Amino acid sequence: MATPAAGKAIDELALDDLRLALAPGIARAAAFDGWSEAAVAAAAEEAGVAPAAAAFAFDDGAMGMIAAWIGHVDAAMAQAFPEGALAGLPVRERIRRLVSFRLDAIAGREEALRRALAIMAMPQNAARALRLGWESADAMWRLAGDTATDYNHYTKRAMLAGIYAATLAVFADDTSDGKAATRAFLDRRIEGIIRFEKAKAKWSPPEEARFSLSRFLGRLRYPAR
């Protein structure tokens, strides 16, 4: 799976690119060693990276390793779906393809995923886990062509982040043929997003009737006569 650092020797990579390059190897090792220093060392040996350099790249511990794995998937997704690649498809199909790509990218790493989800669920990691989920949801909506800048920007991302997190939990323990249960779960949740967006559009007040902080402050400064 390509990354932004493709084409460079691994010992020439900047720190962030080195993290992305080592992330898949760490995920492979995490199934046996957990998200640990041992997994980093195994990935470094596999990639031919100095152990000290790899350890330095992941001095933020397990959450740093997991964040790099997520970042690696984000980068691969962006490369697989260049601008306009999803144009012409219904929104539900765009989102389904993007989430499905992410699931395919981590297929075979279910044990590493289970361990990652357990670490992300720890209270001390909750804020960072939410941020990572938000960033992945934002990346998906942008690739899907979403340009909303109002409150829809936030509701769409919050909903997709929640759905993606739930789908990952199902995926991690899904033993059905071809992950059919996960695909069905995802389709139902995406349909829920579409129904919500349609209902929201139907019942939302027109733009001119919505509260605007800037308009309100302007009226305080320049009251109508």
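Every read-out reported here was derived from the displayed coordinates using simple, explicitly stated rules and does not represent laboratory data. Keep in mind it's a predicted model, so treat the numbers as computed, not measured. So basically every Cβ, Gly included, is an ideal-geometry build from the backbone, and we count neighbours across all protein chains shown.
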Note to self: Within 14 Å, Cβ to Cβ, of ARG28, how many net charges do the neighbouring residues add up to if Lys/Arg are +1 and Asp/Glu are -1?
What the structure shows: -3
Note to self: Let me check against my output: what whole-number percent is the relative contact order of the range 1-80, with C-alpha pairs under 8 Å and at least 6 apart?
What the structure shows: 36
Notebook entry, point to check: What Kirkwood hydrodynamic radius, in Å, does the range 112-176 give when the mean of 1/r is taken over all pairs of distinct Cα atoms and then inverted?
Noted result: 12.8
Note to self: So if each residue of separation counts as 0.36 nm, and I subtract the Cα-Cα distance between LEU15 and GLU93, what length gain in nm does that give?
What the structure shows: 24.5 nm
Notebook entry, point to check: Under a no-solvent Debye model with one identical scatterer per Cα of the range 1-80, what's log10 I(q)/I(0) at q = 0.14, 0.16 Å⁻¹?
Noted result: -0.37, -0.49
Check: Considering the range 33-83, what Rg and Dmax in Å follow from its alpha-carbon atoms?
Finding: 12.6, 39
Notebook entry, point to check: So what J values fall out for the range 157-168 if you push phi through Karplus, 6.51 cos²θ - 1.76 cosθ + 1.60 with θ = phi - 60°, rounded to Hz, Gly and Pro as x?
Noted result: 6, 4, 5, 5, 4, x, 5, 5, 4, 5, 5, 4
Check: What full-extension length gain, to one decimal in nm, is calculated for ALA127 and ALA53 as 0.36 nm per residue of separation minus the Cα-Cα distance?
Finding: 23.9 nm
Check: To the nearest 0.05, how large is the calculated FRET efficiency for ASP173 and ASP104 if R₀ is 25 Å and r is the Cβ-Cβ distance?
Finding: 0.90
